[in-house]
Structures are given as structure tokens and as C-alpha cells.
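K.L.:
Right, I'll just put the structure down here and ask away after.
The values are calculated or read from the model by the stated rules, or taken from the named source; none is laboratory data. Just so it is clear, the model here is predicted, and its values are computed rather than measured. Virtual Cβ from ideal backbone geometry, glycine too; neighbours counted across all protein chains shown. Accessible surface areas use protein heavy atoms only, side chains included; no ligands, DNA or RNA. Shrake-Rupley method; radii C 1.70, N 1.55, O 1.52, S 1.80 Å.
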Amino acid sequence: MMLIETFKFLFNRDLLKLKQEIESYNDQNKLWYVEKGILNSAGNLCLHLIGNLNHFIGATLGNTGYVRNRELEFTQKDIPADELVKRINDTVVVVENTLTKLSDNILNEDFPLLYNNEKVSTMLMLTHLLTHLGYHLGQINYYRRLYDKN
């Protein structure tokens, strides 16, 4: 399997898992619940992942024109689960379409934006984005099991 195909498979797998997590909430209010000592709700982490991937993959690599408002990812509240699912589905399409247009050769090239004020390869950046998705996906799963008990 070519590396771009591997990235496509893994992003798709984890975005579909994100969709499943959001759909699995019994009480939509719990999507936005924040326990003392916790900084972000599952809903806000979902918005953050959608914004992150649309910015770094869609806009930066795919020229989609997406304009990120990172602050809103953490301040918007009470978006219905079905709207979050729609946004996840849209992100799946953006990531798939963008990665499909890339070749493995681009992976060794510099990513168009700096990461932590440094030049990094596109492969490193895609790997970072994938692990970032997995990290927050795990938090969302944990929050759902902890707070959405029925």
C-alpha cells in the first residue's frame, strides 16, 4: 500500500469512529458537559478536530478556501449531534478528495505552513494530524463513557 493510501485509510477510519462516538451519545447535552478540571467538552473537541483537518489538509494542501476560526472551535456550544455528524461527513470528503490528489512524492517535501515555527515535511505533518485526531478521539470516547451513562 502506498503511503498516501495508508493516510487515507487511517484518517477515514478515525473520522468514522469520531462520527460513531458523536452518534453514540444518549443525551446530547452531555456532548457539551465539562467536569471541573476538564478544559473542553466532547463537542468542542469534535469541532476542534473538524477545524484542524479542514485547515491543515483541506485549505493548506487542497486549496479548498476553508477559513479557520480556532477560537470558535472551543467557544461554540449546543450544536446538535446531527449537525456535528454532517460536519464530520463533510470533513471525510475533504480529507479523501485532498489526499487522493497527492502523490507519495509530496510527503518528503516541506509542508506549506510552519509547525511550531519550524519547517517540517508533509509526512511529519500528516502523521502529527493523524495522532492529534487519535488523541482527541480517545478523550471523546472516555468522556462519553464517563458522563453519558444510561
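K.L.:
How far is helix 122-147 tilted off the main Cα axis of the chain, in degrees rounded to 10, range 0 to 90?
P.N.:
10 degrees
K.L.:
Now for a different question. Quick one: accessible area per residue over the range 33-129, 1.4 Å probe, rounded to a whole number of Å²?
P.N.:
It amounts to 54 Å² per residue over the range 33-129.
K.L.:
Between ARG68 and LYS149, what FRET efficiency follows from the Cβ-Cβ distance if R0 is 41 Å, with the result rounded to 0.05?
P.N.:
0.75
K.L.:
Find which of THR122, VAL85, THR60 sits farthest along the positive direction of the dipole of the chain, computed with +1 on the beta-carbon of Lys and Arg, -1 on that of Asp and Glu, about the Cα centre.
P.N.:
Final value for the positive-end residue is VAL85.
K.L.:
Let me ask you something else. Quick one: check the C-alpha center-to-center distance for the range 63-89 versus the range 97-123, whole angstrom.
P.N.:
24 Å
K.L.:
Quick one: how many lysine pairs in the chain have C-alpha atoms under 29 angstrom apart, if they're 8 or more apart or on different chains?
P.N.:
Close lysine pairs under the 29 Å cut-off: 27.
K.L.:
Report which label in (i) 19.2, 64; (ii) 15.7, 49; (iii) 14.2, 40 holds the value of Rg and Dmax of the Cα atoms in Å derived from the coordinates of this structure.
P.N.:
(ii)
K.L.:
With a Förster radius of 22 Å, plug the Cβ-Cβ distance of VAL93 and HIS132 into 1/(1 + (r/R0)^6) and report the FRET value to the nearest 0.05.
P.N.:
In this case the efficiency is close to 0.65.
K.L.:
Full extension from GLU83 to SER103: what is 0.36 nm times the residue separation minus their Cα-Cα distance, to one decimal in nm? Please report the intermediate quantities before stating the final value.
P.N.:
Working: separation 20, 0.36 × 20 = 7.20 nm, distance 3.24 nm.
Full extension from GLU83 to SER103 adds 4.0 nm.
K.L.:
Quote the relative contact order of the chain in percent (integer), defining contacts as alpha-carbon pairs under 8 Å separated by 6+ residues.
P.N.:
Values: 158 pairs, mean separation 51.9, N = 150.
Across the chain, relative contact order equals 35 percent.
K.L.:
Let me ask another. Go ahead and run the numbers for FRET between PHE9 and LYS36, Cβ-Cβ distance against an R0 of 30 Å, rounding to 0.05.
P.N.:
Step by step, r from the Cβ atoms, then E = 0.20.
K.L.:
Here's a follow-up. Excluding LEU107 itself, calculate the net charge of residues whose Cβ lies under 13 Å from the Cβ of LEU107, where each Lys or Arg counts +1 and each Asp or Glu counts -1.
P.N.:
-3
K.L.:
Can you show me the helix-derived [θ] at 222 nm for the chain, built from DSSP H runs with n ≥ 4 at -39,500 (n - 2.57) apiece and divided by the number of residues, rounded to the nearest 500.
P.N.:
Computed ellipticity for the chain at 222 nm equals -19000 deg cm²/dmol.
K.L.:
If you don't mind, there's one more thing I want to ask. What does the charge count around ASN141 come to, taking other residues whose C-beta lies under 10 Å from its C-beta (Lys +1, Arg +1, Asp -1, Glu -1)? List each step's numbers first, then the result.
P.N.:
On the way: positive: LYS17, ARG144, ARG145; negative: GLU21.
Around ASN141, the charge tally is +2.
K.L.:
Let's see if you can work this out: charge +1 on each Lys and Arg Cβ, -1 on each Asp and Glu Cβ, no other charges. What is the dipole magnitude of the range 91-150 about its Cα centre, in debye to the nearest 20?
P.N.:
Details: 5 positive and 6 negative charges, 82 e Å.
Here the size comes out at about 400 debye.
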